[in-house]
1. Looking at (1) in a helix (DSSP H, G or I); (2) surrounded by 15 or more Cβ atoms within 10 Å (Cβ to Cβ); (3) touching a residue at least 60 places away in the same chain (Cβ under 8 Å), find the lone condition where residue 12 falls short.
2. Let me confirm something: among 199, 126, which residue is among the polar types (S, T, N, Q), modelled with pLDDT of 95 or more, farther than 16 Å from residue 19 by Cβ and surrounded by fewer than 17 Cβ atoms within 10 Å (Cβ to Cβ)?
3. Here are 116, 124: which of them is part of a helix (DSSP H, G or I), over 18 Å from residue 251 (Cβ atoms) and in contact (Cβ under 8 Å) with a residue 24 or more places away in the chain?
4. Report yes if some residue within the stretch 242-249 is crowded, with 21+ Cβ neighbours inside 10 Å, at pLDDT 95 or above, within 30 Å of residue 345 (Cβ to Cβ) and in contact with a Lys or Arg (Cβ under 7 Å, 6 or more places away or on another chain); otherwise report no.
5. What are the pairs with Cβ atoms under 6 angstrom where one residue, in the stretch 63-88, is closer than 15 Å to residue 46 by Cβ and the other, located anywhere, is among the β-branched types (Val, Ile, Thr)? Sequence gap at least six, or different chains.
6. In this structure, does residue 205 turn out to be in contact with a His (Cβ under 8 Å, 6 or more places away or on another chain) and either surrounded by 21 or more Cβ atoms within 10 Å (Cβ to Cβ) or not in a loop (DSSP other than H, G, I, E, B) (or both)?
7. Tell me which residues, restricted to the stretch 129-156, are surrounded by 17 or more Cβ atoms within 10 Å (Cβ to Cβ), part of a helix (DSSP H, G or I) and not charged (D, E, K, R).
8. With the requirement that a residue be part of a strand (DSSP E or B) and in contact with a helix residue (DSSP H, G or I) (Cβ under 7 Å, 6 or more places away or on another chain), what does the stretch 265-289 give you?
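The values are calculated or read from the model by the stated rules, or taken from the named source; none is laboratory data. The shown structure was predicted, so the numbers you read here are calculated from the model rather than taken from an experiment. Methodologically, a virtual Cβ is constructed for each residue, glycine included, from the backbone with ideal geometry; neighbour enumeration extends over all protein chains shown.
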Amino acid sequence: MTKPTLQSRLLNWYHKNKRTLPWRGHPDAYAVWVSEIMLQQTRVETVIPYFENWMRSFPNVEILSKASEHDVLNVWEGLGYYSRARNLHKAAKIVVVEYDGDLPQDLNLLIKLPGIGRYTAGAITSIAFGMDEPALDGNLKRVYARLYDISAPVDSPSGDRQLWEIARKNLPKGKAGDFNQALMDLGAAICVPKNPHCSICPLTANCKSYENGTQENRPVRKPKKAVPEFVHAAGVIIKRGKVLLAQRPSNGLLAGMWEFPNGRISGNPAKGLIKALKTGYSLNVQKKEAWGIVPHAYTHFKVSVHVYQCDLLSTSTAGNLKWVSARELGEYPMGKVDRRIAQMVSKFLSEQKTSR
């Protein structure tokens, strides 16, 4: 009797246990593309409602290509890593113009599109087009590092090369899409980052780290650098029921999104606020009341934002500033910190209205 292979064990397990996800089995490659972009650095449970809302708002490439960046960022808001949304938008325009609205069924052409790297291209070509291409994201790297007991750091060039070679070698001909998704599901349900569920894993007979007792020590990663922490102060400036917002530059972190005038400070946040708003926005303000502190962790740094209600002493003519009513705040795409502040503003204005 022939011994089951790693591929057959995994595919048998997958067909019995695969997750039901809104982009699986979708007839349009666009849906697979959108899901894979959203799943970059974001958990499946978080992505599902965003994916469903996105597909309602932009059901095909043509509609997405014609949307404004403002609307795209509004639908994406809360999912983070906003360059993904901007790149998806840019790529949609290219696909419409250069490929008549159809994603190219070519790995090298896909990689040239904004926001699509080697992993995403492999996932799209294998899942949407049935091509024999490996896909290798952080979850799949973890699975392979355990299966083959890889001691090289998975985030090093040598470790990355080794894992891509392993991924291609293991690919079952004609079944790459299911195989790649099976590895994704295995990494999500069983071969989890901490305390993997080896006792119920279908691949223990193939797993070198399980055999060697090293599964808790795989994957190996390079030591992390210390994460810097910064202090910001933000000013909430209200005038006749409207609040002053500023639009961020068109490149960099949270590009093109809206925020409350703020700046990085050292020392006393209240004193630093006055200087930061004058330097960054030509706004002369007087601190009125402290509203609280909003902490947030970005990928490479952490920030604590001290929020103050301010009185405006003189008006700036800066083009990136805009007065917005409380009911319009939801129409302006913001990062998580500024959305929290917007909620404070809405609550404050609502309470003011009620107390009259």
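1. (2)
2. Residue meeting the stated conditions: 199.
3. Criteria check complete, one pass: 124.
4. Yes - at least one qualifying residue is present in the stretch 242-249.
5. Hits for this filter: 84/37; 85/72.
6. Considered against the rule, which asks whether it is in contact with a His (Cβ under 8 Å, 6 or more places away or on another chain) and either surrounded by 21 or more Cβ atoms within 10 Å (Cβ to Cβ) or not in a loop (DSSP other than H, G, I, E, B) (or both), residue 205 comes out as no.
7. Selection gives 129, 139, 140, 143, 144, 145, 147.
8. Listed by number, the residues that qualify are 284, 285, 287.
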